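Novice: So that we are looking at the same thing, I have put the structure below in C-alpha cells.
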Amino acid sequence: MGTVSLNQKGNIPTFIHIFLTNNFAIPAQTVADLYRYRWQVELFFKWIKQCLRIKSFFGTSENAVKSQIWIAISVYILVAIIKNRLDSKSGLYTILQILSLTSLENTLLALLVTRMESRSDTAYTHNQLNLFDNFPGQ
C-alpha cells in the first residue's frame, strides 16, 4: 500500500491530492481518474436511494437489478411529466404517494392532486398555535 500524489495546476491555489493505491504500475492520473469515476458511481447510488426510493433490490442477478432501476427511473420520469403537465406545487414524492394510495380509484389525476394541494394549504393552519403572540412585555 502506498500513496500517489497528484498536483492540479488548473487554478491558483494549487492543491495536492493524495490517493492510496497498491497498484504502482499505473500512472497517478489514472489513479485520480478512477477515484473520480468511483465518486460518480457513489453519487448515482445516493440519487437512487433518495429519489427513486429503492431501498433494496428484489433480485440478485444483473438483469434483475437493471430491470428494477429502469422501472424506477421510468416511474420517476412519468411522475415528473405529470407534475409538469398539471403545473403542480406538490413535490414528486407527494404525487407518487397520491398515485400509490388512489391507484384503484376512478378519479381524474388532476382532481386528486389539486384536492391534496388545497388540503395541505388549509389543513394545519386552523389547529396551529402561535407561540409568540400575546407575550408579556411585547
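The values are calculated or read from the model by the stated rules, or taken from the named source; none is laboratory data. If you're wondering where the values come from, they're calculated on a predicted model, not measured in any experiment. Every residue, glycine among them, receives a Cβ derived from its backbone with ideal geometry; neighbour counts consider all protein chains shown.
Novice: Output the qualifying pairs, or none if there are none: Cβ atoms under 6 angstrom, residues six or more apart or on different chains, first residue in the stretch 26-47 and farther than 28 Å from Leu92 by Cα, second residue assigned to a loop (DSSP other than H, G, I, E, B) and not acidic (Asp, Glu).
Specialist: none
Novice: Continuing with the same structure: With respect to Thr114, is the statement that it is at pLDDT below 80, surrounded by 12 or more Cβ atoms within 10 Å (Cβ to Cβ) and of a type in the set (Val, Ile, Thr) true?
Specialist: yes
Novice: What are the residues in the stretch 74-101 that are more than 16 Å from Leu52 (Cα to Cα), in a helix (DSSP H, G or I) and of a type in the set (Gly, Ala, Ser), if any?
Specialist: Answer for the stretch 74-101, where residues must be more than 16 Å from Leu52 (Cα to Cα), in a helix (DSSP H, G or I) and of a type in the set (Gly, Ala, Ser): there is none.
Novice: Inspect all residues belonging to the stretch 54-69 and state whether any of them is at pLDDT 85 or above, under 30 Å from Met116 (Cα atoms) and in a helix (DSSP H, G or I).
Specialist: For the stretch 54-69, residues at pLDDT 85 or above, under 30 Å from Met116 (Cα atoms) and in a helix (DSSP H, G or I): present.
Novice: Can you confirm whether the stretch 124-132 contains a residue that is modelled with pLDDT under 65, surrounded by fewer than 11 Cβ atoms within 10 Å (Cβ to Cβ) and within 25 Å of Arg53 (Cβ to Cβ)?
Specialist: yes
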